[in-house]
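Everything below concerns the one structure shown next.
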Amino acid sequence: MVLKIFFPQCCNKADSGLLVGHWLPGQDSAVVLAVIHYPFIPGQVKQYIHQVGCVGVGWKNEEAGGEGKTKEEKTGEEGDKVIFVHYEQRKVMLSQLHPTDPPVPLTQSTSELRQVFGTVSQSESLFFLDKYDDSPVKLTHWQSEGREGSIIVELMKQASTPVCLLTAWILVVCSLSVSVSRILNVFPLRFISSKLCSCVQLSYRTEHLQTVSSPTRATSHTDYMRKANIFMSFLLDVTLGLLLIYWLYRENRVGQLANALLPAADRVAKELEELLQWLMGAPAGLKMNRALDQVLGRFFLYHIHLWISYIHLMSPFIEMILWYVGLSACLGLTFALSLLSDIIALLTFHIYCFYVYGARLYCLKVYGLTSLWRLFRGRKWNVLRQRVDSCSYDMDQLFIGTLLFTILLFLLPTTALYYLVFTLLRMVVVMVQGVLQLTVDFINSFPLFALGLRVFRSYTLAEGVKFSVLCEEPGTPLHLMMDINPLKFSSVVQTYRTATYSCYPKDSWLALCKKLFLGELIYPWRHKTTKID
Amino acid sequence: MGADSGLGTGPGPAVPWRKVLWERQPFPDNYVDHRFLEELRRNEGLRQYRYWAVVREAGLVAQQISCVALFLTLWLYMEQGLLSPSTLLWSGLLCALLGYGFYQALGPQGDSDSQQRTRWSDLQSASIFLSFTFGFSPVLRTLTESVSTDTVYAMTALMLLAHLVSFPYAQPSPPGSLSLNAALFASVCLASRLPGDHRASRGLNSSSPSSLHTFTMLCWALLVFALWPCLRQRLRECAPQGFGCVCLLMGLSGVGGLGSIWPGGAVLLAAVLGAVTLLCPLLLIRLQSDKDNIHGPWDEAEIREDLARFLR
C-alpha cells in the first residue's frame with residue numbers, strides 16, 4: 001500500500017512540532033496543513049485542533065537547510081511505501097480546480113486531487129493565526145509571516161456595500177418607473193421594445209447591474225467570477241463608449257455624419273429605382289409577363305417615392321437627433337452599437353416592406369400552384385390523414401382549377417424574380433445587422449476578468465497538477481513536487497462566458513434554403529432569452 | 001449422408017414420398033416425384049376476342065382522336081382568319097343548346113322535380129363557366145406572350161397526347177381530371193397564339209389576340225372535350241345504332257375538316273384512324289395466340305367469399 005503525504009513547502013524549514021492535517025479516507029493520503037511548535041500544552045492544542053476539525057500527528061524534524069529528511073512515525077502503517085508530495089500552500093489555497101461542477105461537500109467519490117484542494121481551501125480558519133498573534137499555540141503555515149492583505153482591497157470592501165445599496169435602489173426606482181409606463185399602453189410598447197435591440201440591451205444591462213449590485217456576497221466561485229466578469233465588461237463598455245463620444249464630438253463629426261446621411265438615403269433610393277426600372281424591362285434577357293411586371297414595378301416605385309418624401313420631411317431634425325443619440329453612448333459602446341443597428345433597421349424599413357410583399361405574393365403563388373397541380377392530376381390533400389388522396393372533382397371545379405393553374409404557372413417567373421431580388425436585398429441588411437449584433441454580443445460576454453486572472457495569476461484557475469521528482473533514492477521515501485497546471489485560454493473563455501441573449505442562426509442551411517424556396521418569411525437571427533446559470 | 005438424387009433409379013424405399021416438410025422422410029428436401037408441376041395451369045381465364053367487337057371498342061379511341069383533330073381544325077381556321085370568332089361563338093352556343101336538348105331527350109325519364117333541379121344546376125354551372133372564362137380572357141390572352149412559338153406548340157402537342165393517353169375510354173361520362181385538364185391547358189396555349197383582331201389591337205403588338213378569340217377558343221374546348229363525351233355516352237347507352245353512325249360521322253368530318261386546310265394532315269389522320277380501328281385489333285387477335293401465362297398454387301390467394309356474413 002502506498003501512502004501519500006501532501007506536505008506544504010513552507011513547513012520544510014520549520015522547527016519540530018506537531019503536524020496538523022487531514023486524513024483522506026479511502027485514498028490513503030494525508031494532507032498536512034500546519035505545524036504546531038513546541039512548547040505547547042497538549043490540552044489547549046487538542047481543543048484548538050478540535051475547533052478547526054483536524055487530526056494531529058507527531059513529527060520530528062531535522063533542523064537543516066534544504067529538504068528536511070523526515071521520519072514519519074505514524075502508527076499502524078509501518079513498512080509501507082511512503083511518497084511525499086510537496087505543494088505550495090498559498091497557491092493551492094487560492095486556486096480553484098476546474099471543472100467546478102461537482103458539489104462542495106467532499107464525499108468519497110470525488111477524486112483525490114479535488115479532495116486535496118478542497119481540504120486546503122476549507123481550512124481557512126486554521127490560517128488566521130500568524131506569528132505575531134499572541135495565542136497559546138504557535139503555528140507555521142503560509143500566512144505565518146503575516147496575514148496577506150492590501151489597503152486598497154480593504155477600502156474597496158468597505159466602500160462596496162453602500163455603493164451596492166445605492167445602485168440597487170436606483171435600479172429599483174428605474175424599473176418601477178418603466179413598469180408604470182408600461183401599464184399605460186401594454187401591447188404596442190412591449191412589442192416595439194422587444195423588437196428594438198437597444199431596449200433589449202438596456203434591459204440586459206439592467207439585469208447585469210442588479211446581479212452585480214446585490215449586497216450579498218458571492219457564495220461559490222462561479223458566482224464570484226460571474227460578478228467580476230460582468231463588472232469588468234461593464235467598465236470596458238463604458239470606457240469604450242466614452243472614447244467614442246470623445247472621438248465623435250471632437251471635430252463636429254456628428255454634424256458631418258448628419259450631413260452625409262441624407263444624400264446616402266437619397267442615393268439608396270435612386271439605386272432601388274434603377275433596379276426596378278431594370279426589372280420592368282427585360283432583366284438578364286428573361287422574358288417577363290409585361291402586364292404583371294408593370295403593375296408590380298409601379299407599385300414598388302410609388303413606395304420608394306413615399307419613402308423619399310418622408311426622409312426629406314425629417315431632414316431638419318436629423319442633426320439634433322443624432323447629437324442626442326451620440327450622447328447616449330456614455331451608457332456603453334454596446335448601447336451605441338445597438339442603437340446603430342436600430343437606426344439601420346429604421347432606415348431600411350422600405351426594403352423590409354418590399355421583401356414582405358414579394359415573399360407573400362410568391363408564397364401564395366407557390367401554395368396555389370401545388371394545390372392546383374394536385375387538382376390537375378385528380379388528387380387532393382387529405383387533412384385528416386395528412387396525405388394525398390385521389391378525388392373526383394366536379395366539372396366546374398376542374399375547369400376553373402385548370403384556368404387558374406395555367407395563369408399561375410405562366411406568371412411564376414415574374415413573381416419569382418421580384419421575390420429573388422428583394423430577398424437578396426433583405427439578406428444584405430440582415431447581414432449587416434447581424435454583424436453589429438455579434439460585436440455587441442462579444443463585448444457583452446467576453447470574460448475579461450477571468451482572462452486577466454489567467455494571465456497574471458495563472459495558479460488561481462487550475463486544470464490539474466504536474467509532478468516533478470525532487471529526490472529519488474533507494475531507501476528513502478520518494479519526494480515529488482506538485483505544480484499547478486493552469487487552465488488553457490480557450491477553456492477559460494468557454495467556462496466563464498457570460499450567458500447572453502446571443503444571436504445565432506435559427507435554422508440550418510438546409511432548412512433556410514427550403515424556407516426561401518417556399519417563400520416563407522425568414523428571420524435568420526434568433527435571440528435567446530437571458531438565462532441565469 | 002447417403003441420400004442423393006439417384007434415388008429414383010435404385011430400389012425405392014417402402015415409404016412413398018409426401019409433399020410435406022414437417023416429417024422426416026428418407027428423401028432430401030428438394031426431392032420431387034413424377035407429380036411435379038401437375039398443378040400447373042396455362043392461360044387460365046384467357047379471353048377469346050372477336051374481331052368486330054374489338055373494332056367497335058377501338059372505334060372509341062378513333063373517335064377521340066378525330067375530336068382532337070376537329071378542335072385543331074377550328075383553331076387553324078381561326079388562325080388563318082377564315083372564320084371570324086363571333087361566327088364561331090354563336091355556332092358554338094347553338095351546338096351547345098342542341099346538344100343539351102338531345103341529352104335531355106335521350107335521358108332517363110325521372111320525375112319533373114329532379115329534372116327541374118338538374119336544369120337549374122346546369123344553368124348555374126353554365127353561367128359560372130361563361131363568366132369565369134370571359135373574365136379571365138384578357139389575362140389568358142397575354143399569358144404566353146414572352147414564350148417562343150415553338151415552345152408553345154411543343155407544350156400543346158404534349159398536353160394533347162397526355163389527354164389522349166389518360167382519357168377514360170370505358171366510362172367517359174364524368175371526364176377524367178388529368179385528361180380534361182390537359183386538354184384545357186393545351187387550348188389555353190393555342191388560344192394565346194391566335195393572331196389578333198387588327199381593329200382592336202392597333203396600338204399593341206400585332207401578335208396578341210383579342211379577348212374574343214380566346215373566349216371562343218375556350219368555349220369550343222369545353223364543348224369538344226368536356227360536354228361532347230357526356231352526350232356520346234348517353235347516346236351509346238340509349239341508342240346504340242345511332243352511336244355507330246355518329247362515330248363514322250365524326251371520323252369523316254375530322255378527316256374532311258383537316259383536309260380542307262392541310263391535305264397532308266388529312267392523309268396522316270386517315271392513316272392513323274385506319275391503323276387504330278382496323279389494324280390494331282388484328283394485331284391483338286394474332287398475338288393472342290402467343291400468350292403463355294402460367295398459374296399454379298404459388299399464386300397469391302384471392303379471397304372470393306362474401307365476407308359480409310361476418311358482419312352480422
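Derivation of every value follows stated rules applied to the coordinates shown; laboratory data play no part. These numbers come from a predicted model, not from an experiment. Cβ atoms come from the backbone with ideal geometry, glycine included; neighbour counts cover every protein chain shown.
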Would you compute, from DSSP H runs of 4+ residues alone, the mean residue ellipticity of chain B at 222 nm, taking -39500 (n - 2.57) per run and dividing by the full residue count, rounded to the nearest 500? -19500 deg cm²/dmol
What average count of beta carbons from other chains do you get within 10 Å of the Cβ of residues in A:392-405? 6
Can you give the Kirkwood hydrodynamic radius of region B:74-160 from its Cα pairs, in Å with one decimal? 16.4 Å
So for chain B, averaging the separation of alpha carbon pairs under 8 Å that are six or more residues apart and normalising by length, what relative contact order in percent results? 30 percent
Ranked by how many other beta carbons lie within 10 Å on average, peptides B:54-60, A:166-172 from highest: B:54-60, A:166-172
Residue by residue through region B:32-37, what is 3J(HN,Hα) from phi via Karplus (6.51 cos²θ - 1.76 cosθ + 1.60, θ = phi - 60°)? Round to whole Hz and write x for glycine and proline. 10, 10, 5, 8, 4, 6
Each residue of region A:198-209 in order: what ³J(HN,Hα) in whole Hz does its phi give by Karplus 6.51 cos²θ - 1.76 cosθ + 1.60, θ = phi - 60°, with x for Gly and Pro? 5, 5, 4, 5, 4, 5, 5, 5, 4, 4, 4, 4
Project the alpha carbons of chain B onto their principal axes and report the range along each, largest first, in whole Å. 103, 52, 36
Quick one: length gained pulling A:Leu521 to A:Tyr249 fully straight, 0.36 nm per residue minus the C-alpha distance? 93.9 nm
Using Cα pairs under 8 angstrom and six or more residues apart, how large is the relative contact order of region A:157-277, in percent? 25 percent
Under the 7 Å Cα-to-Cβ spin-label approximation, A:Ser468 and A:Lys195 lie apart by a distance in nanometres of 6.3 nm
Over all directions, region B:33-79 yields a Cα convex hull whose mean projected area in nm² is 6.0 nm²
Other chains' Cβ within 10 Å of B:140-146 residues: what's the mean? 5
Long-range HN-HN contacts of A:Val85 with modeled amide H, under 5 Å: A:Ile5, A:Phe6, A:Phe7, A:Leu480
Share of Cα-Cα pairs in region A:243-338 beyond 21 Å, whole percent, is 52 percent
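Past 19 Å, Cα to Cα, is the threshold; run A:Lys91/A:Lys466; A:Lys4/A:Lys466; A:Lys157/A:Lys227; A:Lys13/A:Lys466; A:Lys46/A:Lys81 against it and keep the listed order.
Checking Cα-Cα distances, A:Lys13/A:Lys466; A:Lys46/A:Lys81 exceed 19 Å.
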Cα atoms only, region B:239-312: Rg and Dmax in Å? 23.0, 67
Span from the region A:190-255 Cα centroid across to the region B:256-312 one, whole angstrom: 82 Å
Could you grab the Rg to Rh ratio for region A:418-476? Cα atoms only, Kirkwood for Rh. 1.54
Quick one: which residues, 5 or more positions from B:Leu194 or on another chain, have an amide H under 5 Å from its amide H? H modelled 1.01 Å from N in the peptide plane, none for Pro or chain starts. none
